[in-house]
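First up is the structure itself, then whatever we jot down about it.
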């Protein structure tokens, strides 16, 4: 038997089954795109219909080893609420439980430690509104000051305070964090934030003089993205296509 598997889930709602598949897919896609960090960082998803129960990766497994079956279900206090041979990382619990508890719209939370993301997180000025990718975050991204490894429960209140109503946050000297109403939306936001960071670093290293846009143009572009991402908006998020791509490359994530 594959050592990364957990016990078979004998009773499970269709909604939880889909949440597990989507979350496992997100782990594999993050790894496929080089945004993982061995077994560090986390992606979590709320279990539909179960209040503040959410799913998170087993501590110690690579993102490429996460499956729908070995995801761990925990409550808002970090207690594992089902039989599993795995445990969870306390730092992952602190960050993700804070957002899930405070934001009912945060069905999925993604946190990364990419080189580009950490580099921008180390800059005093943070993310610049330079490109079309980054303009979606113009005045719509939060910042949280570094307090050490996120293992202290009292940091949760400050994380939530700093995040406010935003969908994205830069954890200074640490990395990136996004949340979304679905796994697909959260993944799309993270991909755009990661690309924004890479573009900024490329511009900074070019030696050229960046074009500075007017506040009116930047706000106009940001509002266009707000409209596209509004709840109920029927624009496709591309998630089914991403799952189809992953099914052709690495279908083991669906293992239940």
_Here are the criteria: (1) part of a loop (DSSP other than H, G, I, E, B); (2) modelled with pLDDT of 90 or more. Tell me which single one residue 83 does not satisfy._
(2)
*Only residues that are in a loop (DSSP other than H, G, I, E, B) and either under 14 Å from residue 189 (Cα atoms) or touching a residue at least 24 places away in the same chain (Cβ under 8 Å) (or both): list them for the range 212-247, please.*
213, 229, 230, 231, 236, 237, 238
*Can you tell me which residues in the range 116-153 are free of Cβ contacts under 8 Å to residues at least 12 places away in the same chain and either at negative phi or surrounded by 14 or more Cβ atoms within 10 Å (Cβ to Cβ) (or both)?*
123, 124, 125, 147
*Please state which of the following conditions residue 41 fails to meet, knowing it meets all the rest: (1) modelled with pLDDT of 95 or more; (2) within 18 Å of residue 189 (Cβ to Cβ); (3) surrounded by 15 or more Cβ atoms within 10 Å (Cβ to Cβ).*
(1)
*surrounded by fewer than 20 Cβ atoms within 10 Å (Cβ to Cβ), in contact (Cβ under 8 Å) with a residue 40 or more places away in the chain and outside any loop (DSSP other than H, G, I, E, B): does that describe residue 28?*
no
*Hey, residue 34 hits all of (1) closer than 15 Å to residue 96 by Cβ; (2) modelled with pLDDT of 95 or more; (3) in a loop (DSSP other than H, G, I, E, B) but one; which does it fall short on?*
(1)
_Scan of the range 97-139 for residues that are under 17 Å from residue 229 (Cα atoms), touching a helix residue (DSSP H, G or I) at 6+ places or on another chain (Cβ under 6 Å) and not in a helix (DSSP H, G or I), ordered by number_ = 106, 108, 109, 136, 138
*State whether the residues of the range 51-64 include one that is closer than 20 Å to residue 167 by Cα, surrounded by fewer than 15 Cβ atoms within 10 Å (Cβ to Cβ) and touching a helix residue (DSSP H, G or I) at 6+ places or on another chain (Cβ under 9 Å).*
yes
*Kindly indicate whether residue 113 is modelled with pLDDT under 95 and either surrounded by fewer than 23 Cβ atoms within 10 Å (Cβ to Cβ) or touching a strand residue (DSSP E or B) at 6+ places or on another chain (Cβ under 8 Å) (or both).*
no
_With the requirement that a residue be part of a loop (DSSP other than H, G, I, E, B), farther than 18 Å from residue 118 by Cβ and touching a helix residue (DSSP H, G or I) at 6+ places or on another chain (Cβ under 9 Å), what does the range 160-180 give you?_
167
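The values are calculated or read from the model by the stated rules, or taken from the named source; none is laboratory data. Being a predicted model, the structure only gives us computed values, none of them experimental. Heads up, the Cβs are rebuilt from the backbone with ideal geometry, glycines too, and the neighbour counts pull from every protein chain shown.
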